[in-house]
Amino acid sequence: MSFATLNLNPSILKALTETGYTEPTPIQAQAIPEIIEGHDLMASAQTGSGKTAAFILPALNRLAAPSKMPGKGPRVLVLTPTRELAQQVCDAATKYGKHMRFKIISILGGMPYPVQNRLLSGHVDILVATPGRLIDHLERGRIDFSRLEMLILDEADRMLDMGFIDDVERIAEAAPRSRQTLLFSATLEGVVGNLASRLLNSPKRITVSAAKDRHENIEQRMMFADDVAHKNKLLSHLLTDTEVNQALVFTATKRDADSLADQLSAQGHSVAALHGDMSQRERNRTLLNMRNGNLRILVATDVAARGLDVRGISHVINFDLPKFAEDYVHRIGRTGRGGSTGIAISFASNRDAQLLKRIERYIEQRIEMHTIAGLEPKYKLRTSSDRPRSGAPRSGGYAGNRGNGFGNAGGYGGNRSPSTGPGQARGYTDGRPARSEGYGGQAAQPPRDRSFGSRNGNTAAPRSDRPGFGAPRTERRGSFNGNRFSSRGNKA
Ligand code: AMP
């Protein structure tokens, strides 16, 4: 199927050809004709499926014909959960509408009100907004919805997760009843389904595939880590791989993102942090640097899990696993963009057993375990193939009998092959020289239990699973000897 069969305006088709798209993705092929026919639509489509173009192309198509209403308020309103996603929508509209004349503005939290007031008082065709800030303007009477033809809820599930349900409903109430409403979401069940039944009018329903079924183009790997020092070493090793074009590393907290970025920068990496405490300006600048290839590594919190669309990201590394299984899917979807392939590597420590189980249950597949020669975990681990299947009776689960969560401390060598299965040798496990500082020499040490992570070896340290506090300084330095790289030198 080609875009030409979709009845899109020739100027849009021209832009698509210039962008290099040869055919619509499945969500585009199914959604665009329904939208052009004027139906309300609820679509379940995974990020990375081309969903943004699935609603922006028909929206632009509408704008190709003049408005039937007088006024200068927006004709299309796109609500997104995050500023990053809003930016992505704006970029997509600008790209696909480059041969058209229209005005697009974004109204996002964290931006100055006076500028937004000025923007809203002018002529607008497409308004892209986060719900909270839009409500502020709506309540102050600064939004004119009299021309509004199309209301689009992008990643509706996420907006609801973030507590925007009342705002979304109030915005929808303020929009003309005659509008066309499109709802895109990873899931169409539960609260999202309820919201859709209130806001949409006899919608067509499209499910390209459930979130968890996607990402066949992303190879998922799991690496067990004894503690944060071990995670640091694994990360350092992975980042020296020249196959890593650009990497997105996820941490659990903003503070961890900052400290890990600092740590990687001190090691000579071209790296920045991205999280919600940064000003919009800083976030934009960082994203631009990532897009331009000026940065090789981005260390981010989940704020970057949605909407970030950088084709160069070859690897997603979960330094910390996400709290919610669904976020895992969104995180790994930051690689393998636009039809390319990607690799997602997750570090799991003993505290992550339940989380890992939830993730695997959610994606309905086992994540294969990998090890790096010389950086194997110290303790015997239960791996994908010998962990009990979901629902199967467990005898002790991932937690071993030594209190360290990983079973006995008998080392890893003896059972590596049988426990990891034939595919396990793919990637880093072969052909790599063992690291000089290695782990082998320490393998016979007794389990350190809760002492890892403390700077001074104080066994009372409460929380070890944080970057930057893992290993003594000398050990950390040693792990990077001879492995520094320049980001540019390593770019593919
Ligand atoms: P999205 O799911 O909207 O986040 O889009 C994921 C990526 O797919 C973006 O980088 C788009 O530029 C790209 N994309 C969208 N539509 C197509 C298409 N028809 N062919 C190739 N790439 C596409």
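The values are calculated or read from the model by the stated rules, or taken from the named source; none is laboratory data. These figures come from a predicted structure and were not determined experimentally. Cβ coordinates were reconstructed from backbone atoms using ideal geometry, including for glycine residues, and neighbour counts include every protein chain displayed. Heavy atoms of the whole protein, side chains included, go into the accessibility calculation; ligands, DNA and RNA do not. Shrake-Rupley method; radii C 1.70, N 1.55, O 1.52, S 1.80 Å.
List of remarks:
- Solvent-accessible surface of protein heavy atoms, probed at 1.4 angstrom with all chains present, puts Asp262, Asp309 in the order Asp262, Asp309, largest first.
- Unit charges at the beta carbon, dipole of region 218-369: most positive-side option, Gln263, Gln246, Met223: Gln246
- Three-way shape label, region 218-369, alpha-carbon gyration tensor, a/c 1.5: rounded
- The distance separating the Cα centre of region 197-268 from that of region 321-352 comes to 4 Å.
- Each residue of region 133-146 was assigned a 3J(HN,Hα) from its phi angle through the Karplus expression (A = 6.51, B = -1.76, C = 1.60, θ = phi - 60°), giving 5, 5, 4, 3, 5, 4, 5, 8, x, 9, 10, 10, 9, 5 Hz with x at Gly and Pro.
- Residues whose placed amide H lies under 5 Å from that of Gln220, excluding near-sequence neighbours: Ala344
- Karplus-derived 3J(HN,Hα), 6.51/-1.76/1.60, for each residue of region 354-365, Hz, glycine and proline x: 5, 4, 4, 5, 5, 5, 5, 5, 5, 7, 6, 7
- Rounded, prolate or oblate (a/c below 1.5 giving rounded, otherwise prolate when a/b exceeds b/c) for region 87-168 by Cα gyration tensor: oblate
- Shown here for region 74-157: chymotrypsin sites (Phe, Trp or Tyr not before Pro) in loop regions (DSSP other than H, G, I, E, B) with at most 13 other Cβ atoms within 10 Å, of which there are none.
- Long-range amide H partners of Ile206 with built H, under 5 Å: Met42, Ala43, Ser44
- Per-residue SASA remark: Glu364, around 120 Å² accessible (1.4 Å probe; ligands, DNA and RNA not included).
- Here the label points at Asn292 and Arg311, each 7 Å from Cα along the C-beta direction, are separated by 1.8 nm in the simple model.
- Three-way shape call for region 1-106 based on the alpha-carbon gyration tensor, with the a/c threshold at 1.5: rounded
- In a DSSP loop and with at most 13 other Cβ atoms within 10 Å, the trypsin sites (Lys or Arg not before Pro) in region 135-171 are Arg140.
- Per-peptide average of other Cβ atoms within 10 Å, ordering 74-83, 199-208, 341-350 highest first: 74-83, 341-350, 199-208
- Taking amide H atoms as placed 1.01 Å from N in the peptide plane, the amide H of Phe250 lies under 5 Å from those of Ala300, Ile317, Asn318, Phe319, Asp320, each 5 or more residues away in sequence or on another chain.
- Accessible surface of region 268-344, 1.4 Å probe, proportion on carbon and sulfur as whole %: 47
- Net length gained if the chain between Asp144 and Glu23 were fully extended (0.36 nm per residue, minus Cα distance): 39.9 nm
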